[in-house]
Amino acid sequence: MQQLASPPGFNHRLVAGRHSARFTPVTDSPAPAPLKYVMLGNDTASTAEKLAAYTGHVPWSYLAPHALTGSLYFVDPTLKLEDIGAAISANQTDRVQAWLKNGDLVQIEALHATQWKNSGTEFEALVVSPFVLCRPV
């Protein structure tokens, strides 16, 4: 990542539009400091790093809206969320279909939601847009 130093008396603010970005000077900062800039869409993180960034422990209240939209899936405890997420992100439909067929990956239904609604159960979850993978911890 390239570091750019601000001109004396200026800091920069990234103003991002839908398809473009531009830098505008901001003079309300007393001291210039070197800033790091990353080009939009130039993400060098590996798939594993990206998946790790979107994994965490959450309560049912976080997952409930995803269950209502049909995008929430339960992952069998014998599998790693990251492995399922990597297969989804790489569009490995054969692997995903096999997990669905074997019951290792199950779409959350109303019965599950009712069971977990007031249980206080915490979940390990991974967002692989548009899907959310989870399992109770």
Checklist entry - Can you list the residues of segment 51-70 with backbone N under 19 Å from a point 7 Å past the Cα of SER89, pointing along Cα to Cβ? => result 51-58
Checklist entry - How much net charge surrounds LEU105 when only other residues with a Cβ under 15 Å from its Cβ are counted (Lys, Arg +1; Asp, Glu -1)? => result -3
Checklist outcome for this item: The extension gain from THR69 to LYS101, computed as 0.36 nm times the residue separation minus the Cα-Cα distance, is 9.4 nm
Checklist outcome for this item: Least to most buried among LYS50, LYS101, by other C-beta atoms within 10 Å and fewest first, runs LYS101, LYS50
Checklist entry - If you average 1/r over all unlike Cα pairs in segment 35-137 and invert the result, what Kirkwood radius do you get in angstrom? => result 14.5
Checklist entry - How about segment 40-137: which GluC sites (Glu not before Pro) there lie in a loop by DSSP and see at most 15 other Cβ atoms within 10 Å? => result GLU109
Item to check | Label-point separation in nm, SER119 to TYR62, each point 7 Å along Cα→Cβ | outcome: 1.7
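Bear in mind these aren't lab numbers, they're just calculated from the coordinates by the rules spelled out. Keep in mind that what you see is a predicted model, and the values were worked out from it rather than measured. Because the Cβ atoms are built from the backbone with ideal geometry, glycine has one as well, and the counts that use them run over all protein chains shown.
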